[in-house]
Each structure stands twice: as structure tokens, then as C-alpha cells.
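Okay, so here's the structure we're looking at.
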Amino acid sequence: MNALLEPVLDWYAASARDLPWRRPGTSPWAILVSELMLQQTPVSRVLPVYEAWLERWPTPADLAAEPSGEAVRAWGRLGYPRRALRLHACAVAITEQHGGQVPDRHADLLALPGVGDYTAAAVASFAFGGAHAVLDTNVRRVLGRAVSAREFPPASLTRAERDLAEGLVPDDRPELWAVAVMELGALVCTANGPRCDSCPILDLCAWQRAGRPAYDGPPRRGQTYAGTDRQCRGRLLAVLRDTDGSVAPERLHEVWSDETQRTRALAGLVADGLVVERDDGRYALPG
């Protein structure tokens, strides 16, 4: 029996954010788009891009009909732009292999380009009501604290975590449980400064009962951005997104002065398929 189920669902009913991908009638395609956009990206940054994306490409076939470079352009400044290429590749596969309809089976979702186990489980659950353990960072943190008395989950998903999560999936409305735990981790059981006094499962939490023991695993390293290759790639890609057609290498030189880092970042963008180098030495988005 899942003792966490009722208090978590009651809390979610009263406290959940009104997000467009959670509204009744949201298409499976829109849910897939949201899941890929939300990876490592805050909701506040995703919302405007998500809405513009679905206005332009409301179905997979609409996106598949356009060059992949247009997906990269529309991705804007969400970061990790390879996700835009994955979404475009998904749209093509869905159009060509599934008649333009997002498949409802976990195995078929997992076979889509760039779709991993988490995304397949999330779409199967949120779009089709499937009974799956949906394990993002927020869910892993909530279950780790509430059941295993661990402040933070291991760096990589373990078999024990998956077994625990699968054992808690209810038979009735499993998708509601999945999204409710995720929301609890996003709003209350946060990584830093958890709001334990507002938690609906405070009295059931093993971490609380154990005295909130501190994390004792490998050091948790925060991500840096300024001066990194990732920032350089973002600057170069922004020039191409904001330009119709191609740009000369000199234009890219203007936005990043370190020639060695710029050359390395540009080569990485080309290797990832985010940028193409033309025969005349100019650069452009693909397609």
C-alpha cells in the first residue's frame, strides 16, 4: 500500500500550477514537446517558446515538413539546442512510421530518435494514462527523502530506485500520481531550502524522522556557464538563428574573441548537426 498517495494527491489538487501541457485535451504531441523542452530548463523560460512552437507546428507533420534548421531557430535561447534536432527527428519518425500520431506504447516511444526512458515513460503516462514510474530528478529526490531517508539521490538512477518507484505506482489514475510527486519536488521538496513545513507528507517522511541527515555521497558540483564552450556555442548559434541565410566566419569572430575556443565550439556545432559549413566557407543552420 502506498501511504503517500492520498496526501500527495490531495496536496496536488489544491496546489498544482496551471500549466498548458497539463490541461485537459492537450495533445500527445504537445506533451512530447513540453517534456523535451523542460529537460534542464525552468518552466518560466519554456512557456513562451512552447506556445510559439505549437502555434507554428501543432502536429508532428507540420514540423517534419520544415528543415531541421528551422527547429533550431525556433528553439531560441532555451539551451541544449540538440533537443530541437531531436524533436525534429521525432516529428519525422512519427510522421513516417506512425501515421502522424504519437505512439501510445512505451516501447514505440522509446524507439523514437532521442527519446530516453524518462521521456517515454512521461509521455506514455501523461498523454495516455499509462502506469509507468516517471523518474525525473524531482521525483527521485522526493522518494529518496520520504522513503529512503536520503537528502539527495545517487548521481545515476539505480535499480533500487526504479523498483521503489514502480512499487508505488497506483492502479487508479497512475498518471496523476506521477505528476503530483513531480510537482511536490518542484515546489516544496526542492533541492535547496525545502519547504518542509508545507509538505503534505511531513509526518511520513523518513528523512525527517531520521533527523534530516546530510548528503554523504560524492561532491555535488554546480554547473558553470560563463566562459565555457557551452556559452561560446550559444553565442555563435545566436548569430545564425538571427540571420536569414548564411554568415561569414568574420561575423562569428565578432561575438567570441578566443580563436581556439571559437574554432573548437564551431567544430562541435557542425559535428552535432546544428550548423553546416558551406562550400564557400560560410556557415548556416541546417536545411
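List of remarks:
- Every listed requirement among (1) part of a helix (DSSP H, G or I); (2) free of Cβ contacts under 8 Å to residues at least 40 places away in the same chain; (3) within 25 Å of the chain's Cα centre (by Cα) is met by residue 240 save one, (2).
- Residue list for the stretch 102-148, filter: crowded, with 18+ Cβ neighbours inside 10 Å, assigned to a loop (DSSP other than H, G, I, E, B) and out of contact with any helix residue (DSSP H, G or I) (no Cβ under 7 Å at 6 or more places or on another chain): none
- Checking each residue in the stretch 156-210 for being in a helix (DSSP H, G or I) and among the polar types (S, T, N, Q) picks out 198, 208.
- Selected residue [farther than 24 Å from residue 80 by Cβ and of a type outside the set (D, E, K, R)] from 124, 149, 155: 149
- Put simply, of 170, 154, 174 the only residue that is open to solvent by less than 50 Å² (accessible area, probe 1.4 Å), under 25 Å from residue 123 (Cα atoms) and modelled with pLDDT under 95 is 154.
- Every pair of residues 6+ apart whose Cβ atoms lie under 8 Å, when the first sits in the stretch 44-57 and is within 17 Å of residue 17 (Cα to Cα) while the second is charged (D, E, K, R): 45/77
- Candidates 271, 226: the one that is small (Gly, Ala, Ser), out of contact with any Leu (no Cβ under 9 Å at 6 or more places or on another chain) and over 30 Å from residue 89 (Cβ atoms) is 226.
The values are calculated or read from the model by the stated rules, or taken from the named source; none is laboratory data. The shown structure was predicted, so the numbers you read here are calculated from the model rather than taken from an experiment. Virtual Cβ from ideal backbone geometry, glycine too; neighbours counted across all protein chains shown. For the accessible areas, the whole protein counts, side chains as well, though only heavy atoms, and no ligand, DNA or RNA atoms are used. Shrake-Rupley method; radii C 1.70, N 1.55, O 1.52, S 1.80 Å.
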